Amino acid sequence: GMSRRSILNLVAEERYDQAIDDLKAYLDSLPEYPAFKERAERFATYGIELIQAIRAKRSFPGWSTLNMSKQRDLVERAIHHFEDLKATLTKMEMIEREARIEDVRSTVWVVKSVVYAATVLLVLAFVKEATGEIIPSLSDLFESSINWMVDFIFDKTGL
């Protein structure tokens, strides 16, 4: 994925278009975590606005004709945008981490469910064995849900 440092370096080197492209690519780089794009989109948009604002301040037409205090004012504002951009990219990285953690948590929840279902299945098998009762519909139901859960786990964890 993107590193915050690489985008900030591009901006520092005045390679604004590349920085914007990289930021857009980062937003689209995690299709397996749809929550990331959903939550990070407005930060990416704001980050792009900041990059464009930095460009505008640093390539101000008629820079040389401005007096010292006006030049200093533009530089200070560009620095402020840069700090803001750094904070915005950090926020996007936090959102990415949260999305990954939530995904792992949901996988853990699935694993727990399978363990519980398997336990129920074993108890059911034991009861069936002990009583000689035949409970086909129930065990068929459990078998199909176990299969579904196992597929789901393999899908989630990439095992």
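The values are calculated or read from the model by the stated rules, or taken from the named source; none is laboratory data. Quantities reported herein were computed from a predicted structural model and do not represent experimental measurements. Cβ placement follows ideal geometry from the backbone for every residue including glycine, while neighbour counts extend to all protein chains displayed. Note: accessible area is taken over every heavy atom of the protein model, side chains too, but ligands, DNA and RNA are not part of it. Shrake-Rupley method; radii C 1.70, N 1.55, O 1.52, S 1.80 Å.
Which value, in debye to the nearest 20, describes the size of the charge dipole of region 1-129 about its Cα centre when Lys and Arg Cβ atoms bear +1, Asp and Glu Cβ atoms bear -1, and nothing else is charged? Walk me through the numbers before you get to the answer.
Values: 20 positive and 20 negative charges, 58 e Å.
Dipole about the Cα centre, nearest 20: 280 debye.
By Kyte-Doolittle mean hydropathy of at least -1.0 and Cα axial length of at least 20 Å, which whole DSSP H helices of the chain are selected?
34-58, 68-131, 136-157
How big is D, in µm² s⁻¹, for the chain by Stokes-Einstein at 4 °C and 1.567 mPa s if Rh is the Kirkwood radius over C-alpha pairs? Before the final figure, lay out the partial values.
Working: Rh = 19.9 Å.
D = 65 µm²/s.
Treat every Asp and Glu Cβ in region 1-59 as -1 and every Lys and Arg Cβ as +1, leave all other atoms uncharged, and give the resulting dipole magnitude about the Cα centre to the nearest 20 debye.
280
Projected onto the charge dipole of the chain (+1 at Lys/Arg Cβ, -1 at Asp/Glu Cβ, origin at the Cα centre), which of Val75, Leu50, Val104 gives the Cα projection farthest towards the positive end?
About the Cα centre, the residue reaching furthest to the positive side is Val75.
Compare the peptides 103-114, 63-74 by average per-residue count of other Cβ atoms within 10 angstrom and give them in order, highest first.
103-114, 63-74
Summing -39500 (n - 2.57) over the DSSP H runs of n ≥ 4 in the chain and dividing by its residue number, what mean residue ellipticity at 222 nm do you reach, to the nearest 500 deg cm²/dmol? Provide the component values of the computation, followed by the final result.
Details: 5 runs with 132 residues, N = 159.
Rounded to the nearest 500, it is -29500 deg cm²/dmol.
With a probe of 1.4 Å, find how much accessible area the chain has per residue, and write the answer as a whole number in Å².
In whole numbers, the chain has 67 Å² accessible per residue.
Quote the relative contact order of region 5-115 in percent (integer), defining contacts as alpha-carbon pairs under 8 Å separated by 6+ residues.
Relative contact order comes out at 29 percent.
Identify all lysines with a Cα-Cα distance to Lys91 below 28 Å; exclude those on the same chain that are fewer than 8 residues away in sequence.
Leaving aside lysines fewer than 8 places away in the same chain, those within reach of Lys91 are Lys24, Lys37, Lys57, Lys156.
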